[in-house]
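Undergrad: Take a look at the following structure, please.
The values are calculated or read from the model by the stated rules, or taken from the named source; none is laboratory data. None of the values given here were measured: they were computed from a predicted structure. Because the Cβ atoms are built from the backbone with ideal geometry, glycine has one as well, and the counts that use them run over all protein chains shown. To get the accessible areas, we keep the full protein, side chains included, count just its heavy atoms, and leave off ligands, DNA and RNA. Shrake-Rupley method; radii C 1.70, N 1.55, O 1.52, S 1.80 Å.
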Amino acid sequence: MLLSGPNLNLLGEREPAVYGSDTLDDHVAAARAAAEELGYSLEHFQTNHEGALVEAVHAARGRADAIIVNAGALSHTSWSLHDALAAFAGVVVELHLSNPAAREPFRHVSTIAPVADGSIAGFGGLGYPLAVEAVVRMLNATRAQ
Ligand code: DQA
């Protein structure tokens, strides 16, 4: 399950110097292609609403092996998303196009990092297939045990 938070629907038009010129559809297509090549399917949901993101995490419980989440600015503020992800049993990857640690101080806090298995940030659109590959490798390693 790939989840996208607020303002990511504007990718391609929004601050291209920071986030690039690819659209969210482009990133989803790259993530889906990577997943399918590795034998998985990928669902995507984008919302500008915190509660809808929380409910999407709830809906993924028991259905999805993993959640890759680029929560946009909610990554820095949302304890409800933190708690929802804490109640998800699968792999969780926090994803960002930019590197929040190298940006404004308010972006240095992540409410998701403490409940994520790992984070991928700063690689632009490459982060989407990288996140999928990280998830699949983690799932395969866990299942091999
Ligand atoms: C972002 C980084 C966040 O700080 C920002 O609010 C976004 C996008 C990224 O992908 O780089 O909306 O999550």
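Undergrad: Under 15 Å from the mean Cα position of the chain (by Cα), within 13 Å of Ser4 (Cβ to Cβ), modelled with pLDDT of 95 or more and within 13 Å of the ligand (Cβ to nearest atom): is that true of Ala131 in this structure? Talk me through it step by step, then tell me what you get.
TA: Values: under 15 Å from the mean Cα position of the chain (by Cα): yes; within 13 Å of Ser4 (Cβ to Cβ): yes; modelled with pLDDT of 95 or more: yes; within 13 Å of the ligand (Cβ to nearest atom): yes.
So Ala131 passes the test.
Undergrad: Hey, Ala56 hits all of (1) open to solvent by less than 50 Å² (accessible area, probe 1.4 Å); (2) in contact with a Gly (Cβ under 8 Å, 6 or more places away or on another chain) but one; which does it fall short on?
TA: (2)
Undergrad: Got a sec? Which of His76, His96, His49, His27 is within 12 Å of the ligand (Cβ to nearest atom) and more than 17 Å from Ala131 (Cα to Cα)? Walk me through it before giving the result.
TA: Working: His96 fails: more than 17 Å from Ala131 (Cα to Cα); His49 fails: within 12 Å of the ligand (Cβ to nearest atom); His27 fails: more than 17 Å from Ala131 (Cα to Cα).
None of the other options fit; the residue is His76.
Undergrad: Return the residues of the stretch 21-41 that are within 15 Å of Leu95 (Cα to Cα) and open to solvent by less than 30 Å² (accessible area, probe 1.4 Å); say none if nothing qualifies.
TA: Leu24, His27, Val28, Ala31
Undergrad: For the stretch 116-130, enumerate the residues that are in contact with a Ser or Thr (Cβ under 9 Å, 6 or more places away or on another chain) and open to solvent by less than 30 Å² (accessible area, probe 1.4 Å). If you could, list the steps in order and put the result at the bottom.
TA: Taking the stretch 116-130 and keeping what is in contact with a Ser or Thr (Cβ under 9 Å, 6 or more places away or on another chain), we get 116, 119, 121-122, 124.
Those that are in contact with a Ser or Thr (Cβ under 9 Å, 6 or more places away or on another chain) and open to solvent by less than 30 Å² (accessible area, probe 1.4 Å): Ala116, Gly124.
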